[in-house]
Amino acid sequence: MSNVVHLNVPSQRQSQQSRHGALLGVFGRQRRFGDDVFWLKENAELLNILECTRAGVDPAALSVHEPFYAEVEKRLGFFPQYYRFLLSICLDLEALGLPGSKAEALIHWAAREGLADAELSDLQRAEARRLMMRRGVDPLPEDTGLTDRLHAFIDRSDTFALPNKKAAYELTHIVFYLSEYGRCDPGLSARAVTSLEFAGILAYLDQNSDLLSEICVALRYAGHIPSQIWEDWLERETHRFSMIQGPQTTLQDDYHDYFVCNWLMAMSGRDAFVKPVADEPATFHQSEPWDGPLRRMSECMFEMADDRSDDWHRMRPVIEDTLSDTGHDILCEALQSTDKFEAFFAGFARTGLRGVAL
C-alpha cells in the first residue's frame, strides 16, 4: 500500500492571467450549472469585476462560457426574469474578448419587451438602464426623474448612520451605476460622500469586510481615497481567506466576500486574486471574524433608554466600559479612521423621540 499522497496543487508561480482563467473555469463549470440562477449570479459578479478592473484575461479562458453564449438568446426568451444577469454576462464576455456581438440584439429585444418596466425598485431600474445603455439603449426613456431619486436617497446621510445592511448595499450599488463602474464621475454631493463614510464606520465596527470593500470601491469611483485604516485592514482580511478545492467542497461559502475584497485590491493598486487555483471545484472561506463592537454599542445605547445622549464625548466612557479588549481596539481604530465619527454618532444614538407625546 502506497503512502504517497498526490496533491493537485497549482504552481505558486501561476501567472495572474492564468489565475483569472482558472477562476473562470471554477465558476463556469465546477461549482454550478448554467440553468441555476446562482450560477448566473456568481458568473455575472466575477465577469463584472474582471471587466471593470480591466484585468488581463486570456481569450482562450473564455471558452468555458462559449456554450452559455451560444444559447443565451434561448435562455433570455425562457428566463426573462433573469434578464439583468443574462445581459450582464453577455456584455462582459464580449468586452473581455469573446468573439460575437449578440448583446446589442438582446438588449433591443429586452427593451421592446419592456422588461425594465417590471422592476419594482429604482435600484433595479438603474441597473437595467446602466446595462442597456452600454449599447446605447435607454429602456426607461420616460423615467426622467430616476437619477434625481437615486441622488435623493444617497444624500440622506441619516439613513446610513443606523445599522441597515440593505440600505448600505443599495448605496454602494447606486454609486456603481451612476459612475458606470468607474468610467465617469457619479456627481456625488458632499452629503452622499458622508453617507458612504457613515456606512463605512458601521461596516468597520461590525468587521464586515464584504460591505466595507464595496464602500471603499464606491468612494474611489467617486474620486475619494478611503481611510487607510479601512483599506489596510481589508488587505489583511483578503490574505486571510482560505480556498478549499476538491470534490468534497460545499457551496455554502464566502465567495462574494472574496470577490469584493479582491476587487478593492485591484482598484487600490494592490495585488488581487493572488491565490493559485486548480481546475477543480473550489470554495472560499473567510477566517474567523474579529469580535466587532457594533452590536454591543447598540445594546448599550438601547439599554440606557432616556439617559442616552447624542454627545459622543459624554457617551464614550459609558460605551467603552462595556466592550471587550478587542472591541475597544476596533472602536479606537474607527475613531482614527475618519473625522466624521461624532456626526455619525449623533445619528447612531437615536435620541429623536425623547419628549415626544405618543
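Values in this text are rule-based calculations from the coordinates and carry no lab data. Small disclaimer: the values here were computed from a predicted structure and weren't measured. Glycine gets a Cβ as well: all are built from the backbone with ideal geometry, and neighbour counts include every protein chain shown.
So the values come out like this:
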| item | result |
| --- | --- |
| Mean projection area, nm², convex hull over Cα of the chain | 22.5 |
| C-alpha long axis of helix 190-205 to longest principal axis of the chain, angle in ° | 90 |
| Degrees between helix 165-178 axis and first principal axis of the chain (Cα, 0 to 90, nearest 10) | 60 |
| Contour excess over end-to-end distance, with Cα ends at LYS166 and HIS224 and 0.36 nm allotted per residue | 18.6 nm |
| For the stretch 262-358, convex hull volume per residue from C-alpha positions, Å³ | 180 |
| Relative contact order computed over the chain (Cα-Cα under 8 Å; 6+ residues apart), in percent | 17 |
| Helix 146-155 axis, angle to the chain major axis (alpha carbon atoms, nearest 10°) | 40 |
| Theoretical gain in end-to-end length, ASP279 to THR250 [0.36 nm per residue, Cα-Cα removed] | 8.8 nm |
| Normalised contact order of the stretch 14-141, rounded percent, pairs of Cα under 8 Å and 6 or more residues apart | 22 |
| Added length on full extension, which subtracts the Cα-Cα distance from 0.36 nm per residue, ASP291 to ASP311 | 4.7 nm |
| Förster radius 41 Å - calculated FRET efficiency between PHE38 and ASP325, Cβ distance, rounded to 0.05 | 0.55 |
| Value of relative contact order over the stretch 145-258, rounded to a whole percent, pairs C-alpha under 8 Å and six or more apart | 25 |
| Sites SER121 and MET304 - FRET efficiency at Förster radius 41 Å, r taken between beta-carbons, to 0.05 | 0.70 |
| Sum of -39500 (n - 2.57) over DSSP H runs of 4+, divided by residues of the chain (222 nm, nearest 500) | -16500 deg cm²/dmol |
| Semi-axes of the equivalent ellipsoid for the stretch 14-141, Cα gyration tensor, largest first, Å | 25, 15, 13 |
